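To start, the structure itself, in structure tokens.
What follows is calculated from the coordinates using simple rules that are stated; it is not laboratory data. Owing to the predicted nature of the structure, the values given are computational and were not obtained by experimental measurement. Here Cβ is always computed from backbone atoms with ideal geometry, including for glycine, and neighbour counts include all displayed protein chains.
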Amino acid sequence: MTLFMYCFLCLIALGFTFVQKKHFLNYVFIFSCLMGWSIVVRFNSIQQDLIVYSEVMTYDWEFFKSFYVLREPVYWITSKFLYDFFKDPIFVFIIWDAIIFSLLTYVAYKKDVKPYFILVFILFFPNVMGFLNVYRQYISTVFLFLSFLLVYENHINSKFFYLASFFSHNVGAIFLPLIFIRKKFFQIKFILASITSIFAMILLSGSKSEVDTGETSPLLFFAVVCAGMLIFLSLNKLILYKKI
């Protein structure tokens, strides 16, 4: 069922490549499809790290006072509150998915990002792996991508999403310099920053967390951000943002 839903979303993305006119209902439809994907996956494909995440939700609040949790509280604390209310980890994951999908769809609509790109971003393999497994890194990646989308036109919201990314997974700290770039940003600068970030992430990826969750190399998720940024660079003639 999960594979069928994935293929269905791929077909929807392909269909939307032929839709040129912006319409709010198109984004509502995309959000609805993504929520369908969430429900199908959560009731059929809870495995590996998500099983550990589900177990952690049942821990006593004393665990959530540890430094490991407090340095990345966005996911841990929110999930604990939701679990205490719903008593079911599946509903917690679905609510988190709804938050992520609604923010991504809303920002995409405001920024005139084509609906198909939302699906392409979500269905890109590292994000699918994060959605099915290394969930914190996936959440952090989406927040970071939203921060990049807003870095020029709405710098306050951009910083907010960056902080959400950082406090979901601290590897987001590597991208801090990019958040303060508000002038013309050429591809060569992005490539140099990317190389620097890759070396930094290689060093960080050698550490081990106290809880065995979300430990897939951040390089995979960095690839998602790089791909998205390069797409926008190419669409804007190698300039990320232009002053009107």
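Numbers for the structure displayed
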{"item": "Non-local Lys pairs in segment 26-159, i.e. 8 or more apart or on different chains, that have alpha carbons under 21 Å apart", "result": "4"}
{"item": "Kirkwood Rh and Cα Rg combined as Rg/Rh, segment 1-204", "result": "0.97"}
{"item": "Among Phe121, Trp61, Ser168 - extreme Cα towards positive end, dipole of segment 1-204, charges at beta-carbon", "result": "Phe121"}
{"item": "Segment 162-168 - phi-based ³J(HN,Hα) in whole Hz, Karplus 6.51/-1.76/1.60, Gly and Pro as x", "result": "5, 4, 4, 5, 4, 7, 8"}
{"item": "Calculated on alpha-carbon atoms, Rg and Dmax of segment 74-185 in Å", "result": "14.4, 49"}
{"item": "Descending semi-axes in Å of segment 1-99, equivalent ellipsoid built from Cα gyration tensor", "result": "33, 15, 11"}
